[in-house]
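> First the structure, which I've put down as structure tokens, then a few questions once you've had a look.
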Amino acid sequence: MVISVVGTVVRGFLMGTADVVPGVSGGTVALVLNFYERLVGSVKSGSSALGRFARLDLAGGVEWLRRVEWFFLVPLLAGIGLAIVTLASVIETQLHDRPIEVAALFLGLVVSSIAVAWRLVTRRDATRIAVMVVVGVTLFVALGVRGGTSEDSVAQASDPEVWVFFLAGSVAICAMILPGISGSLILVMLGMYGPVLDAVTDREIGLLAVFLVGATIGLALFSQALHWALERHRDTVMAALIGLMIGSTRVLWPWPNGLDSTELGSPEGSVGLAVALALFGAVLVLVVNEVAIRSAQARTGVESSKVRAS
């Protein structure tokens with residue numbers, strides 16, 4: 001039990017690390033580590049409980065709460081929170097000082113993640129491929145409309161009102177759970193990446209609480225639709241999610257300015273180091289995915305043995 005909880009905290013930490021970086025999604029981490037649908041299912045159960053309590057259906061709310069995998073969800077959220085609190089300032093500094101190297105590393109991570117996610121699609125027919133291509137191309141082109149993705153290149157809100165933090169949380173959380181779409185990137189485009197990051201680094205508890213309330217409500221509403229779609233049209237949804245990951249590579253292309261620009265340029269400068277980091281990121285994803293698969297198989301084997309023994 002303890003090992004399982006620690007492992008889940010580590011997963012959450014990796015998700016939180018990805019969510020801090022514009023252009024990288026924690027949902028991608030969940031896909032690679034094979035707990036994406038489990039996460040969406042638990043969040044959906046929690047949101048259903050909130051809906052029942054809002055209608056004063058206490059019995060129904062309690063019943064939905066029992067369906068939430070708390071021993072999975074709570075450690076995962078703890079890991080996400082730990083990553084955001086401890087790494088926000090570090091990642092911000094690295095993005096500023098080494099934009100090309102950081103972008104290259106995450107490009108390798110995401111490209112390899114696309115290959116991993118494609119394995120999860122059961123029906124790889126023309127329809128699923130068309131969905132993937134259309135979504136990927138659409139996002140790729142849309143990201144090019146805005147020239148920058150950093151708080152320096154996109155106008156950020158100056159001293160925003162408290163309610164703006166609520167709205168930013170409710171919108172960004174929808175992106176955070178989708179592979180390929182970064183919640184941080186959405187915050188940048190909304191002009192709220194700088195204010196939210198400042199609130200984290202300055203430990204402004206009140207503003208962060210408002211942001212989290214907005215995120216909770218937004219996630220509760222969005223998870224219902226996503227869970228429904230995954231249950232009824234899993235392969236099509238997975239193809240669309242992969243398309244989002246493909247389109248997001250425009251943000252991650254290292255040249256000319258790393259994550260600060262969606263402009264596409266030819267490799268220059270520290271090309272060797274950038275390529276090495278991209279390859280390292282790609283291999284790391286494959287290794288982590290293989291470990292996750294074997295861990296899941298081992299866990300399933302243990303559970304099957306217990307069933308046979310009983």
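Taken together, the values in this text are just the output of simple stated rules run on the coordinates, not laboratory data. No experiment lies behind these values; they were computed from the predicted model shown. Glycine also receives a Cβ, built like all others from the backbone with ideal geometry; neighbour counts cover every protein chain displayed.
> Quick check of the Kirkwood formula: for the chain, what is the inverse mean of 1/r over all pairs of different Cα atoms, in Å?
Details: mean 1/r = 0.0496 Å⁻¹.
Value: 20.2 Å, from the Cα pair sum.
> Pick from L230, L33, L105: which is most flexible by mean-square fluctuation in a GNM of the chain where alpha carbon atoms under 10 Å apart are linked?
Looking only at L230, L33, L105, the largest GNM fluctuation is found for L230.
> Another question about this same structure. In whole Å, what is the distance between the alpha-carbon centres of the stretch 223-289 and the stretch 118-137?
Result: 16 Å between the Cα centres.
> To make sure I understand, if each residue's beta carbon is the centre and we count other beta carbons within 10 Å, what order do L259, L14 fall in, fewest to most?
So the residues, fewest neighbours to most, are L14, L259.
> Ranking Y36, Y193 by Cβ neighbours within 10 Å, fewest first, what do you get?
Numbers: Y36 22, Y193 26.
So the ranking, lowest neighbour count to highest, is Y36, Y193.
> Based on the Cβ-Cβ distance of D198 and R234, what FRET efficiency does E = 1/(1 + (r/R0)^6) give at R0 = 51 Å, to the nearest 0.05?
Working: r = 40 Å, r/R0 = 0.78.
According to the calculation, E is roughly 0.80.
> Of G79, V213, Q224, which is farthest towards the positive pole of the chain's charge dipole, taken about the Cα centre with +1 and -1 on the beta-carbons of Lys, Arg and Asp, Glu respectively?
Q224
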